Amino acid sequence: MAKKQQPAEREEAPNGLTGPEWAILKVVWESQPCAAGTVQEALASTHHWAYSTVKTTMDRMVNKGLLATNAIRNLTLFSARISRVDAQRGELKRLIKRAFDGGLTPLIHFLVEEENLSADEIAELRKLINRRPKS
């Protein structure tokens, strides 16, 4: 039996996640541990990927440290090595760095000014900001 790779603590996806990696991770987060065939079936209605495409992508994700494997006889089960929150955090940090020169305030300004937030959404943002403990 192959040794199971242990999930890493608080890792961010190296160089960001591709669209296919996000799609696969969403299935894995919900179904882990799972086989590549399970992932391919779950994505069949939205992505018309062949099993070999899904399996190859998942193998590459193992090499990138995004997925771990556990081999049971001739079945390989995949589990996420990165949490949904850490993946989201990494994507947001990359976006803020690229599009807003690392500044959170310009991002919030953009959202408020350019994304036509509703009064309820702005009120919710205010609540979140006011709830944040002062340090």
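The values are calculated or read from the model by the stated rules, or taken from the named source; none is laboratory data. All of these numbers come straight from a predicted model, not from anything done at the bench. With ideal geometry, Cβ positions are generated from the backbone for all residues, glycine too; neighbour counts draw on all protein chains shown. With ligands, DNA and RNA removed, areas are computed over all heavy atoms of the protein, side chains included. Shrake-Rupley method; radii C 1.70, N 1.55, O 1.52, S 1.80 Å.
Condition first: among the basic types (Lys, Arg) and in contact with an Asp or Glu (Cβ under 7 Å, 6 or more places away or on another chain). Now tell me which residues in the range 82-135 satisfy that.
Arg89
Would you mind finding the one in Ala23, Ala44 that is open to solvent by less than 50 Å² (accessible area, probe 1.4 Å), free of Cβ contacts under 8 Å to residues at least 12 places away in the same chain and out of contact with any strand residue (DSSP E or B) (no Cβ under 9 Å at 6 or more places or on another chain)?
Ala44
Only residues that are crowded, with 18+ Cβ neighbours inside 10 Å and of a type in the set (Ser, Thr, Tyr): list them for the range 50-66, please.
Correct list: Thr57 only.
So, Leu75, is that one at negative phi and in contact (Cβ under 8 Å) with a residue 40 or more places away in the chain or not?
Spelling it out, Leu75 is indeed at negative phi and in contact (Cβ under 8 Å) with a residue 40 or more places away in the chain.
Which condition number does Gly90 fail, the rest of (1) at pLDDT 95 or above; (2) within 30 Å of Glu114 (Cβ to Cβ) being met?
Status for Gly90: all satisfied but (1).
For the range 75-84, what are the residues that are over 30 Å from Pro106 (Cβ atoms) and open to solvent by 60 Å² or more (accessible area, probe 1.4 Å)?
Result: Leu75, single match.
Quick grid of which residues meet (1) modelled with pLDDT of 95 or more; (2) buried (at least 17 other Cβ atoms within 10 Å of the Cβ); (3) of a type in the set (Asp, Glu):
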{"residue": "Ala36", "(1), (2), (3)": "yes, yes, no"}
{"residue": "His48", "(1), (2), (3)": "no, no, no"}
{"residue": "Ala68", "(1), (2), (3)": "yes, yes, no"}
{"residue": "Arg73", "(1), (2), (3)": "no, no, no"}
{"residue": "Asp86", "(1), (2), (3)": "no, yes, yes"}
{"residue": "Asn116", "(1), (2), (3)": "no, no, no"}
{"residue": "Ile122", "(1), (2), (3)": "no, no, no"}
{"residue": "Arg131", "(1), (2), (3)": "no, no, no"}
